[in-house]
Amino acid sequence: MARTFFDRIWDAHVVTELGGGWVLLHIDRHLLHDLSGGPALADLASRGLTVSRPDLCFATPDHAVSSAPGRNGETYTDGAKLYATLRDRTRDAGIAFFDLGRRGQGIVHVMAPELGITLPGTTMVCGDSHTCTNGGLGALAFGIGSSEVVHVLATQTLRQQKPRQMRITYDGHIPFGVTVKDVALHVIGALGAAAGVGHAIEHAGPGIASMPVEGRLTLCNLSVELGAKMAFCAPDQATADYVFGRPLAPVGDAWEMAVRDWAALRTDDDARFDKEARFDMAAVPPTITWGTSPEHTAAVDGVVPDPRAASNAATRDAWQDALDYMGLRPGQALRGTPVDWVFIGSCANSRLSDLRDAARVIRGRHVSPGVQAWVVPGSVEVSDAAESEGLPSLFRAAGFQWREPGCSMCVAANGEIVPPGQRSVSTSNRNFVGRQGPGARTHLASPATAAASALAGAIADVREY
Amino acid sequence: MQPFSIVSGPAAPLMRQDIDTDVIIRIEHVNVPRAELGQWALEPLRAPGFVLDQPMFRGAPILLTGANFGCGSSREHAVWALQGLGIRCVIASSYGDIFFANCFQNGMLPVTLPETAVVSLAEQAARGANVTVDLRQCIVIAPDGTQHAFTLDPVRREMLLEGVDELGLTLRSATQITAWQREDALRRPWAIPNSAGGGSVNTDPLM
């Protein structure tokens, strides 16, 4: 019978069938962060249990730490206890802990691929819904809740039911001024925020073959905003080239064996999916959100939609609520809407290629007066690589703040928030009500669009820069 | 974990779609002790007259809500916060996958019904009339007596009915897991971190 990439990884990780379609699934990699890792380790201890495979767990503080230059684990005082708990409990359990200020620290989904923790063909979990990011390397990676984190710590397995399968096929080349982030937002806008509920999504087609690996990480990151807890791109030569030589990647004979195994991880030509969609990337414009769900998208040179045009009453009400919250009127042009904050960072868009995209736009120009513009690199690795290219001084000269790696203003769990009523263009992945702080108005966009908007002091079309 | 069989009582209608877990519990409250989370539940929606603050819905055991409920962040605090309000069952046409799984870890029943059935229930429940959710028969009984059958994975249903925790069951398979890992280490030596064919990692793999 024809099998998919997903079937192959799934089947290879079944420890035992539990009946009724349930399996005990082995988990090869477990990422822990400050927000959920420390409390889960404490919970485990309170049940009298220990960590089953500390060698498969990797921890770093990212959510509840300050990104201020010169920060330490106590700079954000409300996060100090979470930081200390993660540091102390991972040390006691023998789990690798990538501390602030040292190589390896960063947003979990940025540091794991770049250290070679994430590998094609592995299963990976983390108490964070954006774990699907790691699927960009061909891992079966997904977010889990607190109870499941404890379950994995204790047993290195999860009780899971196979999800349905969806494939999104990409054709064409990404046009000038457009990035993978725009493609991802465009797809969510077209399919809706619940299109992937209950599904594992394979991103496939010529558009993926020609997409750089960091772009695949961004695309898989945004897939949870389609409602799918896992998404992936089957590994190819570009994936193997990306992984080779990374600190925790296999070497020698193990590497040769890995590459052979990964080559077999493909979807058969005659495999069938429960759901399919297809997009021509050449037709995607620079895309931005106008509302409070990632599906509320429009072309950056488009207008805010009219709730009266919605297809049903529930959607009409949702659009109206979103416009009220965002302080926008139907028919209003998005381009030119004044902004107060620009945030370039998050597990969606804080990798070196993202920072280069933004840097190309700002070169020689300056942030508009009154705009607070931040760059928060995704990891120490990214920050160091950017430093070697002179990016921090370029951003600083343009009026941006260059900060320390972490989740920062994407999640507002670290004191870094957009003040109530203020408008932000953000390269993060969620524009939910209050996501960047109570009353904050978030427009999701690409790093290039965010940079152009910082210069303009308003939502801008990067194709004019 | 409290077993779930029949729950009957007022069903609060909160008919918005895409209520995400950031709205259900704001991130700055994740340090709040679990038993106290209820006071912060759905905080961004709690304007004067908010449905769950109306006397007839205070402590209501059932929540009726719009599609894609619980989308977004994986925080299990979302389930705990709803439980803190007294909610034991949510009825919607669809859910975020991680929130849906988190419900079963905590004795919360997420019932999936067609949108038209949820809307009809919400209209009837708006004045505080009782709705009954019977997990043994897998039916929701509307105030007018209409029965809406729902389906639920039988394993999950059994765990809710018995109030069983997944971890306790899996720990019984410890030997089997270890055996699988031993075979896997031969099959996929490369899957062991930083391995040239079976090595191990210390606590500082980059040093």
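So the values come out like this:
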read-out	value
Computed over chain B: relative contact order in percent, which uses C-alpha pairs under 8 Å that are six or more apart	23 percent
Relative packing of A:17-25, B:75-83, A:1-9, which averages over residues the other C-beta atoms within 10 Å, highest first	B:75-83, A:1-9, A:17-25
Candidate lysines - alpha carbon under 27 Å from residue A:275, same-chain residues fewer than 8 apart omitted	A:162, A:181, A:229
DSSP-defined beta bridges in the protein assembly as shown - what % are antiparallel, rounded to 5	30 percent
Protein accessible surface hidden between B and A, which excludes ligands and nucleic acids, total in Å², probe 1.4 Å	5500 Å²
Computed helical MRE - 222 nm, chain A, DSSP H runs ≥ 4 contributing -39500 (n - 2.57), nearest 500	-9000 deg cm²/dmol
Debye, to nearest 20: dipole size of the stretch A:291-464, +1 on Lys, Arg Cβ, -1 on Asp, Glu Cβ	280 debye
Average other protein chain Cβ within 10 Å of Cβ, residues A:150-156	4
Neighbourhood charge, 12 Å Cβ-Cβ cut-off, centred on residue A:412 and excluding it, Lys, Arg +1 and Asp, Glu -1	-1
Heavy-atom accessible area per residue - the protein assembly as shown, 1.4 Å, Å²	34 Å²
Cβ-Cβ FRET estimate between residue A:308 and residue A:11, R0 fixed at 45 Å, reported to 0.05	0.35
Cβ neighbours within 10 Å from other chains - mean over B:92-100	5
Protection proxy ranking, peptides B:149-155, A:331-337, A:408-414, A:91-97, average beta carbon neighbours within 10 Å, highest first	A:408-414, A:91-97, A:331-337, B:149-155
Cβ-placed point charges (K, R +1; D, E -1), dipole of the stretch A:5-263 about Cα centre in debye, nearest 20	300 debye
Förster radius 22 Å - calculated FRET efficiency between residue A:241 and residue A:360 (Cβ-Cβ, nearest 0.05)	0.40
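The values are calculated or read from the model by the stated rules, or taken from the named source; none is laboratory data. Keep in mind that what you see is a predicted model, and the values were worked out from it rather than measured. Using ideal geometry, Cβ is built from the backbone for each residue, glycine included, and neighbour counts are taken over all protein chains shown. Surface areas here come from the heavy atoms of the whole protein model, side chains and all, with no ligands, DNA or RNA. Shrake-Rupley method; radii C 1.70, N 1.55, O 1.52, S 1.80 Å.
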